[in-house]
1. Could you tell me which of S228, A90, I217 has its Cα farthest along the dipole of the chain towards the positive end, charges placed at Cβ (Lys, Arg +1; Asp, Glu -1), taken about the Cα centre?
2. From the convex hull of the Cα coordinates of segment 312-414, what is the mean projected area in square nanometres?
3. Starting from the Cα of K46, draw a straight line to each of the lysines and keep only those under 20 Å, dropping any in the same chain fewer than 8 residues away.
4. State, in angstrom, two size descriptors of segment 67-121 derived from its alpha carbons: Rg to one decimal place and Dmax to the nearest whole number.
5. May I ask you to derive the relative contact order of the chain, considering only C-alpha pairs under 8 Å and at least 6 residues apart, and to give it as an integer percent?
6. Using Cα-Cα distances under 8 Å and only pairs 6 or more residues apart, what relative contact order does segment 297-393 have, in percent?
7. What is the percent of Cα-Cα separations in segment 443-482 that go past 13 Å?
8. I need the Kirkwood Rh of the chain: take the reciprocal of the average 1/r across all distinct C-alpha pairs and report it in angstrom.
Amino acid sequence: MGTPAKRQLHLGYMYWLNGTHWGGWRLPEAPTANAFELDYAAKAAKIVEDAKFDFFFLGDTLPGDVYQEHWGTTHNAGRLEPFTLASQLALTTSKLGLVVTAHPTYYEPYILARLTASLDHLSKGRLSWNVVLGASDLAARNFSLPDLGGERRYARADEFIRVIRQLWDSIEDGAYLQDKGTGHYLDPTKVHRLEHKGEFFQVAGTLPMARPPQGQIPLLYAGASELSRELTARHCELNFTGPASIEDSIEFNTDIRARARRIHGHDVPIFFLPGISPVIGDTRADAVEIFERLNAGLPLDEDPVDGDKDEQFWTSEAWTAIQQSRFPLPRGVRSLRSLSERVGVDLRAGGIDALVTTETAAQFNDYGRKLLDAVAARTDRTVERGAVRAGDLLRNAIGGGFPQVIGTAQDVADRLIEWFDRGAAEGFNINSPYLWDQLERFTGEVVPILQDKGVFRTEYTTDTFRGHFGLPVPPNQFASNS
């Protein structure tokens, strides 16, 4: 028997126009991005492909109010349609996987099956589909639809995915005879009509093209709710979330794999690539300074102490929903008033620059204590040292997002390897807080350390998305076993 291949770490890059820190675009060294020119995205993709990443991730949302939402997510104000952009990037890259995001609620299965199959052909098997199921009444209004939240959208997505997988398989390999002598262009025994009639969809036909090069295009999903876990276990090859710790990640991965075993009757390969936001400096202190500069760019409310809301707002359902949301604090509740509501202690008296005393911190609730721990882990500031201001807590509460590793390239590499070695992750979906410096530092400084440690490739050995993950092309579900 041969020696088993050494386990290799996988890397994806989450492309956001201005990076993933809400204040990153304001740094003097950050580019003023032209979102609508190919060269900008192509530059990022080239950097990532030169570093031998597994894939380039094109996230997408369907904002209903671009101006209101840009306070938290400036990239939403400058997004090209992902299939269009990916088709162009397929021409500027040759090995890099391409992940496109599409929401089943706003597509028909036939249309999305045709788009994905076409792009898998044109990229020679480098496509993956990121399934998203967010609910937004503002976005829904652009599609003549109500807000499609709740469990129903998961049931719709389940049927949607089952139909799209049948459509990808609807024409078997070898169906295109193109026999000039007999005049037989297609073999009818290898063409399969679905005649699907389900709760949400009625889909009769086949796709007018050969089966995609990957057979079944890999599915990627982010989400940790009960229904999201079931969807990942039932349908997806990859999952990425933002677990807070190695232990949380191991628990999550173990749970998903157990669900998949129950659903499929056997173990199935699922790759877990948590999202992570490295802030890289020459020293730890340098990296902390970069992080502090990023936070200083976060726009606060017009009144950063009392906020921009009236007194009744703080007991409203709208505020309750914001507190329960995983998204950053929106404009209008970026104030010491909102922070006070969250930590359980009124912090307004001293203003933004007031130091938080040990007596005040002792009264914090669980959320407040976790926020203090986060500030200490990110910046080394602690209340005991007299180094935590109210504004530090507020800005760290706004930023949120994926786990952050703040330090040298060696610090970042060590953290990734620790998660990888302990089985908390098969790899990571990397996002840069701003461009271009942080992307170039990760690819130019962290990746070589991972390569020297033998946990990441130095050259591509395959040409397809499935190939990068060692996933075989699955058999066609309609093919005869004879």
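The values are calculated or read from the model by the stated rules, or taken from the named source; none is laboratory data. Only a predicted model underlies this, so the values are computations on that prediction, with no experimental measurement involved. Note: ideal-geometry Cβ built from the backbone for every residue, glycine included; neighbour counts use all protein chains shown. Ligands, DNA and RNA are stripped out before the accessible areas are found, and what is left, the full protein with its side chains, is counted by its heavy atoms. Shrake-Rupley method; radii C 1.70, N 1.55, O 1.52, S 1.80 Å.
1. Going by the Cα projections, it comes out as I217.
2. Working: hull surface 29.5 nm².
Orientation-averaged projected area of the Cα hull: 7.4 nm².
3. K95, K124
4. 13.6, 38
5. Working: 850 pairs, mean separation 102.9, N = 482.
With pairs under 8 Å counted, the relative contact order is 21 percent.
6. Details: 111 pairs, mean separation 25.5, N = 97.
That works out to 26 percent.
7. Details: 521 of 780 pairs.
It works out to 67 percent of all Cα pairs.
8. Working: mean 1/r = 0.0413 Å⁻¹.
After inverting the mean inverse Cα-Cα distance, the result is 24.2 Å.
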